[in-house]
Each structure stands twice: as structure tokens, then as C-alpha cells.
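Here the structure comes first, spelled out in C-alpha cells, and everything after it is commentary.
Derivation of every value follows stated rules applied to the coordinates shown; laboratory data play no part. Not measured: the values here are computed from a predicted model. Cβ atoms come from the backbone with ideal geometry, glycine included; neighbour counts cover every protein chain shown.
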Amino acid sequence: MTCQPVWQPAASQAALKSRAQQLAFVRGFFAKKGLLEVETPIIGRCGVTDVHLDGIHAQVAVGSRTGGWLQTSPEYHMKRLLATGCGSIYQVSRVFRDGEQGRRHNPEFSMLEWYRVDYDDVMLMEEVSDLVCGWLECQRPSIIQYRDALVYWAGIDPFSATDRELAQRCEKWLEPEQLASLGRDGCLDLLMSFVVEPNLGRDRPVFITGYPASQASLAKTSQLDGYEVAHRFELYVDGLELCNGYWELTDPAEQRLRFEADNAQRRRSGKPEMELDEAFLAALERGLPECSGVALGLDRLLMLKLGVENIDEVLAFPFERS
């Protein structure tokens, strides 16, 4: 006997109304600052190489072109716009990530992404604080270095600890054969997720900065206390990660090397290699202006506003009801 699908929405009428208010707040916030709202494709030619993200393949056939990817973020297309000289921009977008489902995850979700020309990461953190704290009506965030957070809550230095020491700390969560393929950053991610993150932003919001350079993704790097760190930040409120921001890398050769390193890691992890986004790399060759950018999860921000624990409570039709 087949189960009948649930036709009713999961979110309450109050949650739907608050989502509409949130969107009005966001658009009003950027209108006052003079940022241009843009739209970019939901289906793109390429996915992402990031080993921690799995895209969803789209079966599309138009002319000689077949296939595509539902975008995990509008980042590459927005940077292509930045390379044309359009100035600071923002976008409210639906994005898609395969396998992400749970109390805080849905395969399809709403993302606010914006880029500020001539901003570094510190300047952008101030603006993120303005938006988030303005909407949540809460205290402005404190700032903690990634290294200090791991030392304080996990009791281990993420820069000086050996690979073996990190693996030993993760033995409680994974079998030996799983640990063998996890790698240094995988172990750090586990410690961050299970030990550090639940403690972050409990008294007031907190930015984590100074991530290892191996976790820079699309961010610039520099030296701090003798170690190379990324100009990257994440914001946490009540143990919930809200956003990920970068002082953006503008060097096309370095970006290509990072993409290739991602694919090498994907091979080691048993994941398929991803085609490099040559249109994005060509835009970097043309010249990306000095800028910083951030991606913020609007569904999670709404969860905090309404004080709910499950993302389904702020989605009209989560995956199970779609």
C-alpha cells in the first residue's frame, strides 16, 4: 500500500509571514546602501570542485549542449558580473546540495549572497553584523580566531598538532578505515562540528576567523603567528552557522591550482572529478576587482528569529513534502 503524500505545508502561517518580512528587510537594507540586486542561473554548465559539496546533476538538452548542474551557490556567476565592472551586488537565490538533509539542512534552500567592491573581510564582517543583528535585534558579534577556538574547546592546536594526534581525537566517531581516508582537514572539520560549534554564539553571536590556508577555498591567505591562514570568516549564533565569507582571491593561476587540488582530493575520497568552470576562470583572467563576499543561509536566519529547532518549520514544503 502506497503512502499518500502530505499536501499541507510544514511551515505555519506565522513563519510564512515572517519569511516575507525577512525578504523585505533584506531588500530594504541593500537598497539603502545602493547595492544592485541581480539574478543568475539556477542551472549552470559546471558544478563545484569542493570535496565537501555534492551538486545535483540536471538533465537538460538544448541544441548541442546536454546536462548541467543545479547551483550550490551563485558565486561563480556573480563574480563573472563583478568582472564586468557592475560594482557591489547582492542576490537572493535558491541553491541545491545533494545529500544535505536533517534538522538544519534541506537539499534546496534560500541563500543571500553579496559582494562588496573595495572591501576586505574585516569591513564585510561589520556589514554582516549590521544585517544579522538588525534583523535578530541582538548583540553585535565578538571575534575568535579558529586556532583559539580549537585550543579552548577541543584542547588541540589545529596548526601544530600532528596528523596522528588529530586522527586519535576523532576515533570516537569513525572506524580506522574511515579515518585513513579523512585527512587532516577532515579531522579538523569533525572536531569543529562535534566539539566546537555547539558552544559558539551562546551568549552573543561570534565570528570565527583565521582558518587554515588549506580551508581557504576562494579566499586570500596571509601569515599569522608563523602560519598561513585564510581571510575567511563564519558567523555563529546559538551554535548555528549562519554564513561563510571571504576576502576574495583574484589570482586566476592560484584559483586554477586550488581547483585542481580539490579534484585530487576528490579522487582520493572516491568522488568523481568535476569539470573546471572555465568561464569563471576566464572572468578572473579578465580581472576581478578587489572585493569581499559572503553567503548567508536565510532559512537558518529565520529559524533563529522564530526560535525554532528544525528547518522544516520555516519551509513551506521541505523535501519530504515537495
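Could you give me the ³J(HN,Hα) list for segment 59-71, computed from phi with Karplus coefficients 6.51, -1.76, 1.60 and θ = phi - 60°, whole Hz, x at Gly and Pro?
Running phi through 6.51 cos²θ - 1.76 cosθ + 1.60 with θ = phi - 60° gives 8, 10, 10, 10, x, 8, 9, 10, x, x, 9, 5, 6 Hz.
On a straight-distance basis, which aspartates and glutamates could pair with LYS271 in a cross-link, Cα separation under 15 angstrom, same-chain partners fewer than 8 positions away excluded?
ASP50, ASP54, ASP98, GLU260, ASP262
For a quick check: with amide H placed at 1.01 Å from N, whose amide H comes under 5 Å from SER217's, ignoring anything fewer than 5 positions away on the same chain?
For SER217, whose amide H was placed from the backbone, there are no distant partners under 5 Å.
Could you run the Karplus curve 6.51 cos²θ - 1.76 cosθ + 1.60 with θ = phi - 60° over segment 131-141 and give me ³J(HN,Hα) per residue in whole Hz, x for Gly and Pro?
With the stated coefficients, segment 131-141 comes to 5, 5, 6, x, 6, 7, 6, 10, 4, 6, x Hz.
Out of residues 5 or more away from ALA10 or on other chains, whose amide H comes under 5 Å of its own, with H placed 1.01 Å from N in the peptide plane?
Amide H to amide H, under 5 Å and 5 or more residues apart or across chains, ALA10 pairs with PHE317.
Using Cα pairs under 8 angstrom and six or more residues apart, how large is the relative contact order of segment 110-228, in percent?
With pairs under 8 Å counted, the relative contact order is 32 percent.
From the phi angles alone, apply the Karplus equation (6.51, -1.76, 1.60; θ = phi - 60°) to segment 303-313 and give each ³J(HN,Hα) in whole Hz, x where the residue is Gly or Pro.
4, 5, 4, 8, x, 9, 9, 10, 4, 4, 6
May I ask what percent, to the nearest 5, of DSSP beta bridges between residues of the chain are antiparallel?
90
GLU37's amide H: which non-local residues (gap 5+, or another chain) put their own amide H closer than 5 Å, with H modeled 1.01 Å from N in plane and none for Pro or chain starts?
For GLU37, the qualifying residues are TYR90.
Answer with one residue from GLY68, LEU36, HIS52: the one whose Cα lies farthest towards the positive end of the charge dipole of segment 28-78, charges on Cβ with Lys, Arg +1 and Asp, Glu -1.
So the residue we want is LEU36.
Out of the chymotrypsin sites (Phe, Trp or Tyr not before Pro) in segment 1-93, which ones are loop residues according to DSSP with at most 11 other C-beta atoms within 10 Å?
Passing both the DSSP loop test and the Cβ count: TRP7.
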